[in-house]
1. Along Cα→Cβ, 7 Å out, is where each label goes; now give me the distance between the ones at LYS9 and LYS130 in nm to one decimal.
2. Between ILE28 and LYS2, what is the label-point separation in nm under the 7 Å Cα-to-beta-carbon projection?
3. Tell me, how many Å apart are the Cα centres for region 24-77 and for region 85-157?
4. THR131: accessible area at probe 1.4 Å, nearest 10 Å²?
5. In region 50-67, whose amide N lies under 13 Å from the spot 7 Å out along Cα-to-Cβ of LEU41? List them in ranges.
6. Which one of THR135, SER95, LEU122 has its Cα pushed farthest toward the positive end of the charge dipole of region 84-149, where Lys and Arg give +1 and Asp and Glu give -1 at the Cβ?
7. What percentage of the solvent-accessible surface of region 66-121, computed with a 1.4 Å probe over protein heavy atoms, is contributed by carbon and sulfur atoms?
8. Could you derive backbone 3J(HN,Hα) for region 33-42 from the dihedral phi with the Karplus parameters 6.51, -1.76 and 1.60 (θ = phi - 60°), listing whole Hz in sequence and x where the residue is Gly or Pro?
Amino acid sequence: MKFAGKVIKYKDNVDTDVIIPARYLNTIDKKELASHCMEDLDKTFASRVKPGDIMVAGWNFGCGSSREHAPIAIKESGISLVIAKSFARIFYRNSINIGLAILECEEAAERIQEGDEVEADLAKGVIVDKTTGETFTAEPFPSFIQEIISCGGLVEAVKQGKIQ
């Protein structure tokens, strides 16, 4: 799985309450969730995110509540991949479960800047900042997790018979 897009960058400890504020948790409409993604942290996010964009963040991304709404809102907004120094464990698992591609890479998250053009190969764990020419290496997921993400999440992977 390969990704390419423009970077939208955030700092450390972005919690699920700012990814999707609790006042919007009364809906399961993915488009509605996406329209409010990041609004308490970045009022411009929904209007500037484009399909395929890549989110880059610092330490402990997705900390806070264990809601699946957070990675759903990010994915539905058009973000194709989130690269962070680290992820809160429940966000990490929820992202895999709903098919949001993520990579942990401290060096990439530190050096890649807002607006950079980035390419990433999830299978190889290679991240290339096309703007600066720098290449970074992340630990790729095992093939069965890559399969879950490529199917669009755990439920879809089971429906398609890719995992049991």
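1. Inter-label distance under the simple model: 1.8 nm.
2. Roughly 3.7 nm, to one decimal.
3. 16 Å
4. 80 Å²
5. 55-65
6. SER95
7. So the carbon and sulfur contribution to the accessible surface is 42 percent.
8. Result, ordered by residue: 4, 4, 5, 10, 4, 6, 5, 7, 9, 8 Hz.
The values are calculated or read from the model by the stated rules, or taken from the named source; none is laboratory data. Note that the structure is a prediction, hence the values are computed from the model and not measured. Reconstructed Cβ throughout: ideal geometry from the backbone, glycine too, with neighbour counts over all protein chains shown. We work out accessible area using only protein heavy atoms, side chains counted, and drop any ligands, DNA or RNA first. Shrake-Rupley method; radii C 1.70, N 1.55, O 1.52, S 1.80 Å.
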